[in-house]
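J.: Submitted below is the structure of interest, expressed as structure tokens.
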Amino acid sequence: MPTTHNTINETGDNAASPRARPLWRNRDYMLLWSGQLVSSFGSEASFLAFPLLMLALTNSPAQAGLLGVLRSLPFALLCLPAGALVDRWDRKRVMILCDSGRAIALGSIPLAYALGQLSLVQLYLVALIEGTLFTFFTLAETACLPNVVAKEQLSTAIAQSQIIDASSLLVGPALSGILYGIGRVVPFLADTVSYLASVCSLFFIKGAFQAERNVEPRKLRTEIVEGIVWLWQQPLLRFLALLTCGLLTPCFGYTLILIVLAQGQRASSFTIGLVLAAGGIGNIMGTVIADPLLRRFGFKRVITWTSWIWALTWLPLAFAPNLLLLALANAAGFIVVPVYMVAQFSYRLSRIPDHLLGRVNSVFRLIAYGSRPIGIGLTGLLLQGVGPVATVLVLFIPQILLALAVTVHPQMRTSSR
């Protein structure tokens, strides 16, 4: 990720970006940002409601973990071909179709519930469909950003996009707890409406989401391999992908851990939502300081420091004696997340040519996030087998080892950015 505006400008391969102007005056960016803000709120609400509903129906953390696995499995399986395809297709159209499909899938849950036909099979199928469409949407959204904002504004735009995650993490779980208290499927109805809002915002965006393409598409396998080779020939980007994978994998099931810990202290669904929402407070704090820290201390130091803080703020979850301290531990752990993500994300986007954005990002994201099913499934099994405290301790081990690895890694020690 770039440490200064000059670092971003060193990339000459990306397509020409819009003339720099304040982001709040960039109509297309504001439409994209606001639409995804609403959609993210809805997604966070259903994200909590899925495991809550599954636990209510089955009383099994393993089953709830399996639902999370199925929701994330399509990303691991489809990420590479999806990345190549969004480099071929109209990215705006892909995003509209994906969010339309997600609205239909999520909307089927309250409909089936009202008709008395909701089943576990349907929940599993909706999770698969939602995960599949998410894969195409997120790759198209990532690839479109350098065409919506000026290149020298990438790090600022990415930091602001983290506000979406932080705000939804703050408001979404608490809202989900309230909605779930009203009715078990009400959060899914809210998510349906949020996807429709995203579709509407995308329709009003005028600008193109990709540069002009004059080359005939080749075989899909050839284009996928080109993205893999390009990334693998960039040592620092390759290391960042592996590092991000290692840091995220033990944490993918954190929601389930917090739910089980809070339920062990007799928390209601609303209180569980507040505990999870505390992470949003930390996320907002991290979002505010991410870009200034990056500009002040540089890419190498930010990545190294955040790797250590990431690991060390995980441990307090195991020892929080009450719900208040559990919420505070969750908030503290989330401060570091946007700082790390802004660093690696803007560094990555600033260096990938436009015609490769979908493919290379798909490879990076497959490495970094493709282990989500493993992380969630492992968390569910550990929770059921050894309990939440031991689960936190076991998952701390790989995180601290990675903090050591990033400190001594030659690419990070010699990087000047």
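The values are calculated or read from the model by the stated rules, or taken from the named source; none is laboratory data. Quick caveat, the model's predicted, so the values are computed rather than measured. Don't worry about glycine lacking a Cβ; one is built from the backbone with ideal geometry, like all the others, and counts go over all protein chains shown. To get the accessible areas, we keep the full protein, side chains included, count just its heavy atoms, and leave off ligands, DNA and RNA. Shrake-Rupley method; radii C 1.70, N 1.55, O 1.52, S 1.80 Å.
J.: Working only within the stretch 279-306, note down all residues that are out of contact with any Gly (no Cβ under 9 Å at 6 or more places or on another chain), among the small types (Gly, Ala, Ser) and open to solvent by less than 10 Å² (accessible area, probe 1.4 Å).
T.: Matches in the stretch 279-306: GLY286, ALA290.
J.: Let me ask something else. Could you list, ordered by first residue, the pairs with Cβ atoms under 9 Å in which the first is in the stretch 187-198 and of a type in the set (D, E, K, R) and the second is open to solvent by 40 Å² or more (accessible area, probe 1.4 Å) and part of a helix (DSSP H, G or I), at least 6 apart or interchain?
T.: As it stands, the answer is ASP191/PHE41; ASP191/PHE47, since those pairs meet every condition given.
J.: A follow-up question, please. Would you pick out the residues in the stretch 150-185 that are modelled with pLDDT under 75 and part of a loop (DSSP other than H, G, I, E, B)?
T.: Result: ALA150, single match.
J.: List the pairs whose first member sits in the stretch 265-285 and is under 11 Å from LEU48 (Cα atoms), whose second member is not in a helix (DSSP H, G or I), and whose Cβ atoms are under 9 Å apart, counting only residues at least 6 apart or on separate chains?
T.: Nothing qualifies.
J.: Which of the residues belonging to the stretch 119-149 are assigned to a loop (DSSP other than H, G, I, E, B) and touching a Ser or Thr at 6+ places or on another chain (Cβ under 9 Å)?
T.: Scanning the stretch 119-149 gives a single hit, VAL149.
J.: Go over the candidates ALA45, ALA112, ALA49 one by one and state the one that is without any contact (Cβ under 8 Å) to a residue 60 or more places away in the chain and farther than 14 Å from THR138 by Cα.
T.: ALA112
J.: Continuing with this model, one more query. Here is a check on your reading of the model: is ALA403 farther than 30 Å from PRO81 by Cβ, of a type outside the set (S, T, N, Q) and assigned to a helix (DSSP H, G or I)?
T.: Considered against the rule, which asks whether it is farther than 30 Å from PRO81 by Cβ, of a type outside the set (S, T, N, Q) and assigned to a helix (DSSP H, G or I), ALA403 comes out as yes.
J.: Oh, and also: Given the structure, is ALA112 surrounded by fewer than 21 Cβ atoms within 10 Å (Cβ to Cβ), touching a helix residue (DSSP H, G or I) at 6+ places or on another chain (Cβ under 7 Å) and within 17 Å of PHE252 (Cα to Cα)?
T.: For ALA112, the condition - surrounded by fewer than 21 Cβ atoms within 10 Å (Cβ to Cβ), touching a helix residue (DSSP H, G or I) at 6+ places or on another chain (Cβ under 7 Å) and within 17 Å of PHE252 (Cα to Cα) - is not met.
J.: Can I ask one more? Just to be sure, is LEU381 more than 29 Å from PRO235 (Cβ to Cβ) and either open to solvent by 40 Å² or more (accessible area, probe 1.4 Å) or part of a loop (DSSP other than H, G, I, E, B) (or both)?
T.: yes
J.: Next question. It is to be established whether one or more residues within the stretch 69-76 are closer than 19 Å to ALA208 by Cβ, open to solvent by less than 40 Å² (accessible area, probe 1.4 Å) and touching a residue at least 24 places away in the same chain (Cβ under 8 Å).
T.: no
J.: Further question on the same structure: Closer than 11 Å to SER40 by Cα and within 19 Å of the chain's Cα centre (by Cα): does that describe SER176?
T.: Answer is no for this residue.
Per-residue answers, yes or no, for (1) surrounded by fewer than 21 Cβ atoms within 10 Å (Cβ to Cβ); (2) among the aliphatic types (A, V, I, L, M); (3) under 16 Å from ILE400 (Cα atoms):
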| residue | (1), (2), (3) |
| --- | --- |
| LEU312 | yes, yes, yes |
| LEU324 | yes, yes, no |
| SER350 | no, no, no |
| SER362 | no, no, no |
| ALA368 | no, yes, no |
